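Worksheet for the structure shown next.
The values are calculated or read from the model by the stated rules, or taken from the named source; none is laboratory data. Note that the structure is a prediction, hence the values are computed from the model and not measured. Virtual Cβ from ideal backbone geometry, glycine too; neighbours counted across all protein chains shown. Accessible surface is based on the protein model in full, side chains and every heavy atom, while ligands, DNA and RNA are left aside. Shrake-Rupley method; radii C 1.70, N 1.55, O 1.52, S 1.80 Å.
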Amino acid sequence: IQAFFSKSRNPLVVVSELPSSQIQAVKEFLLQLNQPVYLEAQSGLRGSNELSGLRIQAGEKFLAKKSTFEHFDGLIRIGSVPTFRLWRNLETDLKAWPVLNLSQRPFSGLSRSTEAPLPL
């Protein structure tokens, strides 16, 4: 995790599908991290009032704009492989972004190497 943060000062956090047993721990982690977060519908956190100040409200259309990439310099994935377009952009337009996977599922969905998956 320290190696990731030495490369990324303004990461985008993406939370995808989580086991229900991890939702509270992930919520607490996100509050401590205090970074913008995109919560996919299957994350179980989209309706959390506690995360409303961190949550990217604009959704996938905002994340599909190349101008959005200027605001971030890395990506933290929590949970399963995300389903939205930005994840595929990591293979093309965003190859320079470091990626940290925090998941019980080791498959990153990326062909390039990323940080080793860590259990939450």
Legend entry - The listed residue being open to solvent by less than 50 Å² (accessible area, probe 1.4 Å), touching a helix residue (DSSP H, G or I) at 6+ places or on another chain (Cβ under 6 Å) and either without any contact (Cβ under 8 Å) to a residue 12 or more places away in the chain or not in a helix (DSSP H, G or I) (or both), out of Leu100, Leu63, Leu94, Leu12: Leu100
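Filter segment 45-60 down to residues that are touching a helix residue (DSSP H, G or I) at 6+ places or on another chain (Cβ under 7 Å) and open to solvent by 70 Å² or more (accessible area, probe 1.4 Å) and give me whichever is farthest from Gln35 (Cα to Cα).
Here is the first cut: in segment 45-60, the residues touching a helix residue (DSSP H, G or I) at 6+ places or on another chain (Cβ under 7 Å) are 45, 48, 50-51, 54, 56, 60.
Filter once more, keeping what is open to solvent by 70 Å² or more (accessible area, probe 1.4 Å): 50, 60.
Working: Glu50: 13, Glu60: 17 Å.
Filtering segment 45-60 for residues that are touching a helix residue (DSSP H, G or I) at 6+ places or on another chain (Cβ under 7 Å) and open to solvent by 70 Å² or more (accessible area, probe 1.4 Å), the one farthest from Gln35 (Cα to Cα) comes out as Glu60.
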Legend entry - Of the criteria (1) part of a loop (DSSP other than H, G, I, E, B); (2) under 16 Å from Pro11 (Cβ atoms), which one Gly53 fails: (2)
Inset, instruction - May I ask you to list the residues in segment 64-98 that are aromatic (Phe, Trp, Tyr) and modelled with pLDDT of 85 or more? - result: Phe72, Trp97
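Would you point out which residue out of Lys7, Lys27 is basic (Lys, Arg), open to solvent by less than 60 Å² (accessible area, probe 1.4 Å) and at pLDDT 90 or above? Working first, answer last.
Working: Lys7 fails: open to solvent by less than 60 Å² (accessible area, probe 1.4 Å).
Unique residue meeting the criteria: Lys27.
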